[in-house]
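Notes follow once the structure below has been shown.
Any read-out appearing in this document is the output of simple, stated calculations on the displayed coordinates, not a laboratory observation. Just so it is clear, the structure is predicted and the values come from calculations on it, not from any experiment. A quick note on method: Cβ atoms are made from the backbone with ideal geometry, for glycine too, and the neighbour counts reach across all protein chains shown.
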Amino acid sequence: MNVVFVEPNFPRNQREFPRALKAVGATVFAVGETPWEWLDEELQSWIDHYYQVGSVTDVDQLSAAVSHFQSLAWIDALEATIESHTLPAATVRERHGIPGTSVHTTYLCRDKPAMKDALRRAGVPTAASTGASTVEEIREFVAANGYPIIIKPRDGAGAAGTHKISNDTELNAVLDTLGGTASVAVEEFIEGHEGFYDTISVDGDIKLDFACHYYPGVLEAMRTRWISPQYISTNRIGEGGLYAELRDLGERVNHALGIETSATHMEYFVSPKGLRFSEIGARPPGVGCWDLYAAGNDMDIFRAWADAIVHHQVWHVPSRQYAAGIIALRPDRDGVITHIDGLDDVYRRYGSLLIDQHLPVGQGTQPIEAGYMANAWMRLRHRDFDTLRDVLDDIGRTVQVRAS
């Protein structure tokens, strides 16, 4: 099978996708922004044909690359795993007659108001929401639904550009930053526990699934320096209760949006009103989450994805042996990280649970809103979810990242 993969070099874990495609027998055609000679030998060994473009999100440039590849061989699939790459890839896919996730489905997975409208029509429980292109439309939504609300980009990922607004003063401040005619998603704020549900589907059926929990929710985590936020992948997904509801919700969402053969990343809330859908992307989760699934389930999840794309089968069976989680360790201020306190105590208590870590002493800090892996972090696993959560909490209290 001949597969075009979009951007194999950045971010770092993108290389795992061509590796896995090659491992399951695909001929890998890659298009990226990095010159071929700058790719390391290992990555080059997994790529059979390469085409450099200035921007992989430019539809015409991506189309030119695919035209070149189609002059060499029949192309069976075109895959993109980064949020901002998915819609250009879908557009080029349809332009060139390549099977895969449609432009319509990709658009619904990118545009949050359209996504929620489609899911409400299908009976999926979700927050009240609208798309707004004027200040008047935003104020009309507030008048109809009250505070608090969320304003965020229509096609954003994670918490980037997201604002929680609780009163008129806060709304006016945000509107000043947006300008007079911003096109945004406006939503009812749902109070409750936040997590995510990730799948690999084949021909519309979910073949692999995983569930994670945020502590605290993303919006708070990305705004508060002193918090050492974490998310944990559970190994209890087969226990029923919430997870049975979550699996049913995931099936309904995928069906309503037309997900066929793809990875998905769905955010959810457990609110006083029950389980509520938040949003979905037709792509894997970010921030190294698949690494946690691999460590917690004794499997190569990238190869499972590649089997789905190439063979339309998934043979891997998750062990569900471990909960696995990451804790972000924020520097106490912006500047350069000079030292990290408390590591010896953590290694002594929890060294056997450590999967990997990133402790960038001597490097400049990144803004806390840049995410869980922007500065220092540690990833660990344990057979008991609650024990792992206690361990991560203790690490957050013990480890102090100092900057100057």
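What is the chain's relative contact order, in percent, from Cα pairs under 8 angstrom and six or more apart in sequence?
14
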At 0.36 nm per residue, minus the direct Cα-Cα distance, what do Trp74 and Glu41 gain on full extension? Give it in nm, one decimal, please.
9.3 nm
Taking the alpha-carbon distance from Lys22 and a cut-off under 28 Å, which lysines remain once sequence neighbours fewer than 8 residues away in the same chain are dropped?
Lys207
Under-5 Å amide H pairs with Ala376, H placed in peptide plane, nonlocal only
Leu329
The chain - charge dipole about Cα centre, Lys and Arg +1 at Cβ, Asp and Glu -1, debye rounded to 20:
440
Where a Cα-Cα gap under 30 Å defines reach, which lysines qualify for Lys152, not counting those fewer than 8 residues away within the same chain?
Lys112, Lys116, Lys164, Lys273
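How much FRET efficiency would the formula 1/(1 + (r/R0)^6) give for Tyr147 and Trp226, where r is the Cβ-Cβ distance and R0 is 30 Å, rounded to 0.05? Working shown, then result.
Values: r = 26 Å, r/R0 = 0.87.
Computed FRET efficiency for Tyr147 and Trp226: 0.70.
Provide the gained length on full extension for the span His193 to Glu136, in nm with one decimal, where the gain is 0.36 nm per separating residue minus the Cα-Cα distance.
Details: separation 57, 0.36 × 57 = 20.52 nm, distance 3.14 nm.
Gain on extension, His193 to Glu136, equals 17.4 nm.
Beyond 18 Å, what percent of the Cα pairs of segment 10-123 remain?
On the way: 3487 of 6441 pairs.
For segment 10-123, the share of Cα pairs beyond 18 Å comes to 54 percent.
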Placing +1 at every Lys and Arg Cβ and -1 at every Asp and Glu Cβ, with all other atoms neutral, what dipole size does segment 254-404 have around its Cα centre, in debye to the nearest 20?
140
Trp315 paired with His49, simple spin-label distance in nm, labels 7 Å along Cα-to-beta-carbon
2.7
